[in-house]
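Undergrad: I am attaching a structure below and will ask some questions about it afterwards.
The values are calculated or read from the model by the stated rules, or taken from the named source; none is laboratory data. Since this is a predicted model, take the numbers as computed values, not measurements. As a convention, Cβ positions derive from the backbone with ideal geometry for all residues, glycine included, and neighbour counts pool all protein chains shown.
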Amino acid sequence: MTQDFFDTNMWMLLVGTSLILFFLWGLRVVKTGTVAIAWNGTVKRLGVLVLASLISLVFSANKTEGVLAPFGLGTFLSLFFIALVGTTFLNEKVKTILRWLLMTAVSLSGLLAIYQFFGLTKLIEINVRLMTVFIVTLPVMINEALHKKQVAIVMSIACLGGLVLTAYQVLPNWRTTTLPYWANWQIMLESYKNIKQLFVGVGAENFLGAFTSGRPVTINMTDLWNTRFIVGSSMLFHMATVYGISGAAAFAWFLTGLHPASLLISALALIFLPPSFPTLVIIVTILMLAQPVHAVHTTLPHRPVIRYTVVLFLFLIFATTLYGFGRAASAELAFGRSLRAFDSREGTNAYNLQIQAITLNPNVARFHMAYSQTNLALADAIAKNATSSAKDRQTATQLIQQSIREAKIAIGLAPTNILAWENIASVYQTLSGVAQGADQWTIAAYQQAMQLDPTNPTIRLRLGGAYVGQQKFDEALASYNAASSLKPDYANVYYNMGFAYREQKKYVQASQALLEALKYVTPGSDDERQAKKELDEVTQLLTEAEKQSLNAPASTPTPKPAGKTTPGTAPLSPLP
């Protein structure tokens, strides 16, 4: 099992399948002396997608992650190769078997979704991805059912039932889990201001970077204000963002190949529904099974040197790809086990597994970020142990140094990844007063994070907390004011503002900030009680004249944010 059980394991299955087909195809070439490939519209369209992703990869900051991304070069190259050579192994009988295997798997998922709805089992995750799989597979089942195949009718009913019940559970939460089209449109246009990103996009691995840098400030007034997205509103939007206009054009051409009636729903799903790796694979599979195979055969010259050269070339490609795939897959497996070990409080085991993952694939930023936090957690555990020896304290120092080093490596691998900068900021903030210069590095890291995510109020809140920890209250208040301008209904900002004013003995301003916080907390909540308690304490420090001025009605009403507000849900607490 890996960190992302569903997509990552399906990606490994896809790439593994393409490698097996490559091996079998190579054996056939060696045995028969004939190169057989399929050449039809699907192959051509997938080939153009491979070309678009390859061009974008050339400009990517982290090419390894660009290849391994769910919608990266590895995916499109595998699909292209399966369509190019895999379909030459198919005849109508095999196609029928594969079609029924697909329908069986999806209909079983439909039954599981039905059972799970009634509380009889809990084996699958109910989400938009599953709903999309049902949507694109149901027309295939209905097409078989129209030919009076009773089994297909039963499968169609199971799939339809799963679709209806999944949609019933998913759609009410749609706007809180999916990036709005208008927001993705603005994010895409913002990225297009860079001429390179206009043509080749931000890179398959970097949608999060595009989201944070182009995130509309108006999203702060929605339920999504504190949500970050790693995929677009739809597959079409996602491709246009990560691959630019070249990727958008390539994907639009791919959509034109979905012209049979049974595939029209698939085209609409790719245009309007959130990106789904399983859905993309299923659609390409349906497309390959629906089209006749037009195989092109080329006979190799009988000269031994040419045949040996072809064999050696195919072997080198296969061996190199298998080696790289094996290391990447093993790294994901090790990393997934490390996270489960960490959750089980097996710190040493998590530490060793993360070393293994990084050794196998040192070019994945999230491995280094997790490893930096693991080192920091182990160092903290040693520091809190009253019986720790001098050797233990030396080990803790080494762990701290490793934590900083790994956080810096993550930034080097993903310089536009907001998570990498927040990670190093949290590392340095934890080490304030322990590591020399940690205070300055904390501020610098948060300031860089603000550059990457300019409309995010939470980063300003954290930066303010870092300033408070350094007793720099004027700088903290400036950061809090910036946060409140980005999200005027952010209760925790006003609460922290009140704390900073109180530390400066500016009790009137502290009271005003706490009153503002009370406007946006949930009535009757612990947050409200805490804010009232703080307000009562500060009010006692006011003079009678100040109390009267505070209770007097304002000459001008406090401006309210336009539209629906969504106050921050994090508990009120002074930061750090």
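Undergrad: Among the candidates A204, A210, which residue alone is in a helix (DSSP H, G or I) and either of a type outside the set (D, E) or under 18 Å from T279 (Cβ atoms) (or both)?
TA: A210
Undergrad: So, one more: Looking at region 24-47, can you tell me whether even one residue there is touching a residue at least 40 places away in the same chain (Cβ under 8 Å), in a strand (DSSP E or B), in contact with a helix residue (DSSP H, G or I) (Cβ under 6 Å, 6 or more places away or on another chain) and crowded, with 20+ Cβ neighbours inside 10 Å?
TA: Just the residues of region 24-47 that are touching a residue at least 40 places away in the same chain (Cβ under 8 Å), to begin with: 24-26, 29-30, 33-43, 45-46.
Checking which are in a strand (DSSP E or B) leaves us with 34-38.
Okay, now just the ones that are also in contact with a helix residue (DSSP H, G or I) (Cβ under 6 Å, 6 or more places away or on another chain), so 35-38.
In the following step, the residues that additionally are crowded, with 20+ Cβ neighbours inside 10 Å were identified as 38.
The answer is yes, given that some residue of region 24-47 is touching a residue at least 40 places away in the same chain (Cβ under 8 Å), in a strand (DSSP E or B), in contact with a helix residue (DSSP H, G or I) (Cβ under 6 Å, 6 or more places away or on another chain) and crowded, with 20+ Cβ neighbours inside 10 Å.
Undergrad: Does E406 count as crowded, with 24+ Cβ neighbours inside 10 Å and acidic (D, E)? Outline the logic, then answer.
TA: Numbers: crowded, with 24+ Cβ neighbours inside 10 Å: yes; acidic (D, E): yes.
When the stated conditions are applied, E406 passes them.
Undergrad: Out of all the residues in region 256-296, which are modelled with pLDDT of 90 or more and among the small types (G, A, S)?
TA: G257, S266, A267, A269, S276 - these are the residues of region 256-296 that are modelled with pLDDT of 90 or more and among the small types (G, A, S).
Undergrad: While we're on this one: Hey, could you check region 296-325 for residues that are surrounded by 14 or more Cβ atoms within 10 Å (Cβ to Cβ) and of a type outside the set (V, I, T) and say which is farthest from K93 (Cα to Cα)?
TA: G324
Undergrad: Given the condition of a type outside the set (S, T, Y), touching a helix residue (DSSP H, G or I) at 6+ places or on another chain (Cβ under 6 Å) and buried (at least 22 other Cβ atoms within 10 Å of the Cβ), answer yes or no: does some residue in region 124-132 qualify? Please lay out each step first, then the result.
TA: Taking region 124-132 and keeping what is of a type outside the set (S, T, Y), we get 124-131.
Now restrict to residues that are touching a helix residue (DSSP H, G or I) at 6+ places or on another chain (Cβ under 6 Å): 124, 126, 128, 130-131.
Then keep just the ones that are buried (at least 22 other Cβ atoms within 10 Å of the Cβ); that gives 130-131.
Yes, region 124-132 contains at least one residue that is of a type outside the set (S, T, Y), touching a helix residue (DSSP H, G or I) at 6+ places or on another chain (Cβ under 6 Å) and buried (at least 22 other Cβ atoms within 10 Å of the Cβ).
Undergrad: Still on this structure, please answer the following. Got a sec? Which of L413, L486 is touching a Pro at 6+ places or on another chain (Cβ under 7 Å), outside the structural domain of G214 (by TED's automatic domain parsing) and surrounded by 18 or more Cβ atoms within 10 Å (Cβ to Cβ)?
TA: On the way: L413 fails: touching a Pro at 6+ places or on another chain (Cβ under 7 Å).
Residue meeting the stated conditions: L486.
Undergrad: Kindly indicate the residue of region 444-483 that is charged (D, E, K, R) and assigned to a helix (DSSP H, G or I) and also nearest to Q509 (Cα to Cα) among those meeting that condition.
TA: It comes out as D474.
Undergrad: Taking region 48-67 as the region of interest, how many residues are assigned to a loop (DSSP other than H, G, I, E, B) and surrounded by fewer than 19 Cβ atoms within 10 Å (Cβ to Cβ)? Don't jump to the end; show me each part of the working.
TA: Looking only at region 48-67, we keep the residues that are assigned to a loop (DSSP other than H, G, I, E, B), and these are 59-62.
Now narrow it down to the ones that are surrounded by fewer than 19 Cβ atoms within 10 Å (Cβ to Cβ): 59, 61.
Qualifying residue count, region 48-67: 2.
Undergrad: Can you find a residue that is assigned to a loop (DSSP other than H, G, I, E, B), modelled with pLDDT of 95 or more and within 30 Å of S60 (Cα to Cα) anywhere in region 367-379? So that I can check it myself, show each step before the final result.
TA: In the first step, residues of region 367-379 are kept if they are assigned to a loop (DSSP other than H, G, I, E, B); the result is none.
Looking for residues that are assigned to a loop (DSSP other than H, G, I, E, B), modelled with pLDDT of 95 or more and within 30 Å of S60 (Cα to Cα), one finds none in region 367-379, hence no.
Undergrad: I would also like to ask the following. Can you pull out every residue in region 73-113 that is buried (at least 17 other Cβ atoms within 10 Å of the Cβ), of a type in the set (V, I, T) and farther than 21 Å from L24 by Cα?
TA: V106
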